[in-house]
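Right, one structure below, let's go through it.
The values are calculated or read from the model by the stated rules, or taken from the named source; none is laboratory data. Since we're looking at a predicted model, the values are computed, not measured. Here the Cβ is made from the backbone with ideal geometry for all residues, glycine too, and neighbour counts use every protein chain on show. Quick note on the areas: whole protein, heavy atoms, side chains included, nothing else; ligands and nucleic acids left out. Shrake-Rupley method; radii C 1.70, N 1.55, O 1.52, S 1.80 Å.
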Amino acid sequence: MAEEPVKVLYCGVCTLPVEYCEFGKTLKQCKKWLKENHPKEYNNLYNSDAPTSSLSKEREEEISKSLAKMQLKEERKQERELRKLKQEKIIVKRIPRTKHKNVIAVCNLEQFDVDMKKLAKKFASKFATGASVSKNLETKDEIIIQGDVGEEVEEYLQDMLKKKGLDSVKIEFIEEKRYLRRK
Amino acid sequence: MFKKFTKDDVHTQTNVKSSVQRALRTKLVNQYPKLEESIKILMPKKSTVVLYKCEDKINLYAVNDEVLFYQKFDELIPSLKLIHMYPSCFPRVQVDRGAIKFILSGANIMCPGLTSKGAKLPDEDIAKGTTVAVYAEGKENALAVGKLLMSTDEIKKVNKGMGIELIHYLADGLWNFEIE
């Protein structure tokens, strides 16, 4: 008889098996997630009597104290990072090439945890143009898209941010002036 | 071993030939005889096994986009996901509650954590160098995989110093490693 694999419930927030959430860094979010998605398990885990433990009470308190401290620290850190992230803005630039041709450069994306190369690929297939990742003058990565697709890119980025819950991030659209080169 | 492990550590990714797959399967069963019955579900004959060669000569083997085991030198070591699926197939030890926190940050397991009241060691002796699944007091699932630095009898006798070298634990680099 082949044995069926055991299914373990993993937490949607910290990916650990739910019983280990209490040792993770994001207990509060984990609890919330479990309550919403698996109320039965939630009751089993958090509303039953104190877990049986062989340790003395003082040791137990010590552990929970240090855990609480770590979780608080992590929470603050996340908050700080989120605030910082919200102040950032994405810059979409239109740069003229020849007569009626433009390229679009998207920079300041790296803070948002996106894979630049993948996004470039996506743009390329979406707009049916060439798109690549290159370094700009400040040696930061940017996506260069051939063709005048600034508005579409802006729309797409807004959608992407909405999915991540970062509505307040601004997207700035800049038009670079044409340099008149005269001989 | 996987404390700092990211996507960048993967060098190449290749599909494993079916003949090599067969060898792999027999090797796995040899090492963990209790897996024999489940191996067909785990690695069906027509599945594609993907091999990831990584930094430090670590090889990861994945079936259906899930890393099932890996090897550093010769021995195949199961991943925690695999242990969660088939908990009864691997030798197990248990640590007390106080040790959980440290294990989850990647520490090696000291002997006292294995011999105290909340901990459990199997009655029969497990030889030194065996790969064991580490469980915790009051918890159902394994939280780490380690290698015995002493035989379990020795751990009981000496009760000092490192007992298990930690290889893979919950929320480490391999756990968070996702295949695209």
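Could you tell me whether any residue of the stretch A:145-157 is in contact (Cβ under 8 Å) with a residue 60 or more places away in the chain, surrounded by 12 or more Cβ atoms within 10 Å (Cβ to Cβ) and within 22 Å of A:Lys177 (Cα to Cα)? Working first, answer last.
Within the stretch A:145-157, the first condition is being in contact (Cβ under 8 Å) with a residue 60 or more places away in the chain, and the residues that meet it are A:153-154, A:157.
From the residues that got through so far, the ones that are surrounded by 12 or more Cβ atoms within 10 Å (Cβ to Cβ) too are A:153-154, A:157.
Within this subset, residues satisfying the condition of being within 22 Å of A:Lys177 (Cα to Cα) are A:153-154.
Checked against the condition, which is being in contact (Cβ under 8 Å) with a residue 60 or more places away in the chain, surrounded by 12 or more Cβ atoms within 10 Å (Cβ to Cβ) and within 22 Å of A:Lys177 (Cα to Cα), the stretch A:145-157 yields at least one hit.
In the stretch A:42-49 there is at least one residue matching the filter, namely being farther than 27 Å from B:Asn176 by Cα, within 14 Å of chain B (Cβ to nearest Cβ) and modelled with pLDDT under 80.
Residues that are within 14 Å of chain A (Cβ to nearest Cβ), over 30 Å from B:Lys4 (Cβ atoms) and assigned to a helix (DSSP H, G or I) within the stretch B:106-155 comprise just one, B:Thr115. Checked against (1) under 25 Å from B:Ala127 (Cβ atoms); (2) open to solvent by 80 Å² or more (accessible area, probe 1.4 Å); (3) within 14 Å of chain A (Cβ to nearest Cβ), B:Asn30 passes all but condition (3).
Pick from B:Ile164, B:Ile103: which is touching a residue at least 60 places away in the same chain (Cβ under 8 Å) and either within 14 Å of chain A (Cβ to nearest Cβ) or touching a Ser or Thr at 6+ places or on another chain (Cβ under 9 Å) (or both)? Reasoning before the result, please.
Working: B:Ile164 fails: either within 14 Å of chain A (Cβ to nearest Cβ) or touching a Ser or Thr at 6+ places or on another chain (Cβ under 9 Å) (or both).
Just one listed residue meets the conditions, B:Ile103.
Of the residues making up the stretch B:134-156, not a single one is open to solvent by 20 Å² or more (accessible area, probe 1.4 Å), without any contact (Cβ under 8 Å) to a residue 60 or more places away in the chain and touching a Leu at 6+ places or on another chain (Cβ under 6 Å).
Quick check, is A:Glu36 away from chain B (no Cβ under 11 Å) and either exposed (fewer than 14 other Cβ atoms within 10 Å of the Cβ) or touching a Ser or Thr at 6+ places or on another chain (Cβ under 7 Å) (or both)? Yes. Scan the stretch B:42-51 residue by residue and report those that are without any contact (Cβ under 8 Å) to a residue 60 or more places away in the chain and either open to solvent by 70 Å² or more (accessible area, probe 1.4 Å) or assigned to a strand (DSSP E or B) (or both). Answer for the stretch B:42-51, where residues must be without any contact (Cβ under 8 Å) to a residue 60 or more places away in the chain and either open to solvent by 70 Å² or more (accessible area, probe 1.4 Å) or assigned to a strand (DSSP E or B) (or both): B:Lys45, B:Lys46, B:Thr48, B:Val49, B:Leu51. Of all residues in the stretch B:58-94, those being farther than 20 Å from B:Lys34 by Cα, open to solvent by 50 Å² or more (accessible area, probe 1.4 Å) and either hydroxyl-bearing (Ser, Thr, Tyr) or modelled with pLDDT of 85 or more (or both) number 0.
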